[in-house]
Amino acid sequence: MTVGMSTTAVSEGSVMRGVRAFSRLALSGLLAVPLLTAVAGPASASVGTARTTVYSTVAYCVQASASIDTFTGGFSGNLGYGNAYLVARDINGACNRATTGNGRARVDVQVWNGSAWQFCRGSDWAYGSFGWSSGEFGGPYGPARILDYGGASCGAGYYRAVATAEYSTGGGWVGGSIASPYLWVG
C-alpha cells in the first residue's frame with residue numbers, strides 16, 4: 001500500500017512538473033510573439049530635427065522642430081509633427097532662458113517629385129501659449145500640430161515634414177520654418 005501511494009504521488013508530481021514545463025513553454029511562446037512581430041513585422045521609420053532657431057532678435061528666439069514617420073501594415077504611423085518654442089536670450093546671447101508668449105504652429109508634408117519638393121498635405125494652425133515646464137523632463141513648450149498624411153497618399157517616394165513656428169509680437173506674427181530629413185514611403 002505504501003508503494004501504491006508512493007507511485008501515485010510520483011505520478012502526480014510528474015504530472016505537475018509536466019504542467020509547469022508546459023506553462024513555461026506557453027508563456028515563452030506568448031512573450032516571443034511581440035518580438036517576432038517587431039522583428040519580422042511591417043516596415044517603419046522615423047526622422048526628425050532637434051529644436052532649431054527659425055527667427056531671432058536681440059531679445060528672443062523662435063524655435064521649431066519637425067519630424068515625420070511611416071509605418072505600413074498596422075495601427076498609427078504616417079504622421080508629420082511640427083512643434084513651436086519661444087526662448088529668451090541670456091546675458092551671453094544664447095537662446096536658453098524661460099519666457100512666455102502666444103504662438104502658433106503648423107506642419108506640411110511634402111513629397112519629392114524628382115526635381116523639387118512639392119506640397120502633399122498640410123495642417124491648419126494650432127494656437128497656444130509658450131512657456132517652460134519644470135521637473136525631470138522640463139523645458140520649453142509651445143503649440144504643436146500632428147498631421148496624418150496617409151502614407152503614400154501622394155505616390156510612393158521620399159517624404160518630409162516642414163514645421164512652421166510663429167510668435168505673436170502684438171503687432172504681427174514672426175517666425176520661420178524647418179524641414180525634417182526625408183524618408184522613403186512606399
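Here is how the numbers come out for the structure above:
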| item | result |
| --- | --- |
| Filtered residues of region 142-186 (kept if under 17 Å from THR53 (Cβ atoms), open to solvent by 30 Å² or more (accessible area, probe 1.4 Å) and touching a Gly at 6+ places or on another chain (Cβ under 6 Å)) | GLU166, TYR167 |
| Qualifying position, being touching a residue at least 60 places away in the same chain (Cβ under 8 Å) and farther than 19 Å from ALA179 by Cα, among THR100, THR72 | THR72 |
| Residue that is modelled with the highest pLDDT [pool: residues in region 52-89 that are under 14 Å from ALA161 (Cα atoms) and part of a loop (DSSP other than H, G, I, E, B)] | ASN78 |
| Residues being open to solvent by less than 50 Å² (accessible area, probe 1.4 Å), more than 23 Å from VAL62 (Cβ to Cβ) and free of Cβ contacts under 8 Å to residues at least 40 places away in the same chain - total across region 111-141 | 2 |
| Test: residue in region 87-102 that is open to solvent by 30 Å² or more (accessible area, probe 1.4 Å) and within 19 Å of the chain's Cα centre (by Cα) | no |
| Strands (runs of 3 or more DSSP E) within region 90-186 that include 2 or more residues of a type in the set (Ser, Thr, Tyr) and modelled with pLDDT of 95 or more | 126-133, 157-168 |
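The values are calculated or read from the model by the stated rules, or taken from the named source; none is laboratory data. None of the values given here were measured: they were computed from a predicted structure. Note that we place each Cβ from the backbone using ideal geometry, even for glycine, and neighbour counts take in every protein chain shown. For the accessible areas, the whole protein counts, side chains as well, though only heavy atoms, and no ligand, DNA or RNA atoms are used. Shrake-Rupley method; radii C 1.70, N 1.55, O 1.52, S 1.80 Å.
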